Amino acid sequence: MAGGEGLLTPEDLRRSSDRQRVVDARRGGRHWQLLAMLLGPGILVMLGENDGPSMLAYAAAGATYGIGFFIPFILVTFGTAIVVQEMSVRVGAVTHRGYGQLIFQRFGKAWGWLSAGDLVVTNLVTLITELIAIRVGMGFFGISPVISVIAGVALVGISMAGGRYRRWERVALVLASFNLLFVAAALLSHPDTKAVVTSLVLWRPLPGGSLEVFLLLIASTIGATVTPWMVFFQQSAVADKGVTPRDLGQSRADTVIGGVLAAFAGIGALVVAAVLFSHHVDASQFQGGAGFAQALRPYIGQWGAAIFSLGLVEAGALAMVTISASTAYAMGEALGRPASFNRKVGEAPWFYATNLGIAVVAAGVVLIPGAPLLSISLNANILAVVLMPVVLVFMLMLANDRELMGPRVNPAWLNLLGGGIAVLIALSGTSYALIAAYNALTGRTGG
């Protein structure tokens, strides 16, 4: 603790003023104002996960298989995300500690550094794909790749200004609201409303075609909704915001609202791209996300394609802000250094340097002439699927640690559900890896 054990830090003082507003609203019975003040981490983590590779994964699913199977599957995956993130919120509110910090404290340095190292690598790969999405989206409007990438990094820097978590959160929430551009694009595609509604109620059979492609899209869709950075980010953001156990009702609502909004936006990306399936356009020809907007233009018009492209820019931009923050939180906790947006740059230089630094490194990689962009984006989600089961196991252990959580440990049914989610995520990644390896060894191109 800066300044000696038991002394309040500038971070504590800044957070306390925000908490006083929450206390006043609760005492005054202003329930909607209370909810509005406590909204933030849940909406950001869910809409932040609707990032560039995620929206391209949804679009690829729609263009490849139409609207039948994957619409209800998206709802299921966001349901699992809500389950996982509820545990993250609860542990953060009860302990006032980030996920990374608790791993170090409860399981030791070896597991702590392994978790932090995995997160940094995964986040770096993901940030590369976010900048690809920004570059692709802005490229539709004729903006050069260099300017697009610089703009993405600059946004991370702008979001950090102010020395207050509340200000950072407001910037991110404004960005998050534009994720619903994908819903607008879907409406411009004039979808068969009856078919969409029916698909929400009646889950159609597994689609045919290449088993490898199908499993890739399954794993990518899971990786588009349940990822390690989400656990690191939301638990640290809850602590940084100053959420307490008394706020859990509103914080759970925050997570559910975020999940519902993100599911609608994800379905929007799938529905708008399903027009390509209806017109028998081969989605495999799009080696970069830009292909989607160009291919969609004849069917949804210039405005629809432009909105889809702007959606990609927003998806990448919000994820840049939130994923960079999750890296800074994790590394600050690993190094035992101040890690909070409630500190100014001079008070937490490592936190802010890590936040901006990982974005700069990702930008440097993106500007190197590279590989097929769509393939990179989809496989970024696969990496998240591979690492997520370990993160979820640790989360289950923390949420069942009675010394930490007291009476707020997981109920038995939630442990069963969480364990089942971990197994299903592991199976999805393993199944795709085995089929892909088999096809590679036998020289086959499909399942």
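The values are calculated or read from the model by the stated rules, or taken from the named source; none is laboratory data. Keep in mind the model is a prediction, meaning the values are calculated, not measured. A quick note on method: Cβ atoms are made from the backbone with ideal geometry, for glycine too, and the neighbour counts reach across all protein chains shown. Just so you know, the surface numbers come from the protein's heavy atoms only, side chains and all, with ligands and any DNA or RNA stripped out. Shrake-Rupley method; radii C 1.70, N 1.55, O 1.52, S 1.80 Å.
Values as computed for the structure displayed
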quantity: Global geometry of segment 56-133, whether rounded, prolate or oblate, following the gyration tensor of its Cα atoms and the 1.5 cut on a/c; calculated: oblate
quantity: Cα gyration tensor, segment 115-181 - rounded (a/c under 1.5), prolate or oblate; calculated: oblate
quantity: For segment 235-266 versus segment 129-164, the gap between their alpha-carbon centres in whole angstrom; calculated: 26
quantity: Solvent-accessible surface (1.4 angstrom probe) belonging to THR244, in square angstrom, nearest 10; calculated: 40
quantity: Spacing of the two label points (7 Å from each Cα toward its C-beta) at ARG106 and ARG408, in nm; calculated: 1.3
quantity: Rounded to the nearest 10 Å², the accessible area of SER278 at probe 1.4 Å; calculated: 80
quantity: Segment 11-130, relative contact order [Cα under 8 Å, separation at least 6], %; calculated: 20
quantity: 3J(HN,Hα) from dihedral phi, segment 406-420, Karplus parametrisation 6.51/-1.76/1.60, rounded to Hz, x for glycine, proline; calculated: x, x, 9, 5, 4, x, 4, 5, 6, 5, 5, 5, x, x, x
quantity: Cα gyration tensor, segment 220-262 - rounded (a/c under 1.5), prolate or oblate; calculated: oblate
quantity: Hz values of 3J(HN,Hα) by residue in segment 64-76 - Karplus curve (6.51, -1.76, 1.60), Gly and Pro given as x; calculated: 8, 10, x, 9, x, 6, 7, 4, x, 5, 4, 4, 5
quantity: Qualifying lysines (Cα of each under 18 Å from Cα of LYS241; at least 8 residues distant if same chain); calculated: LYS344
quantity: Protection proxy ranking, peptides 252-258, 298-304, 230-236, average beta carbon neighbours within 10 Å, highest first; calculated: 230-236, 252-258, 298-304
quantity: Distance from segment 109-125 to segment 29-81 (C-alpha centre basis), Å; calculated: 25
quantity: Residue-by-residue Karplus 3J(HN,Hα) for segment 80-90, coefficients 6.51, -1.76, 1.60, Hz, glycine and proline x; calculated: 5, 4, 4, 4, 5, 6, 4, 5, 4, 4, 5
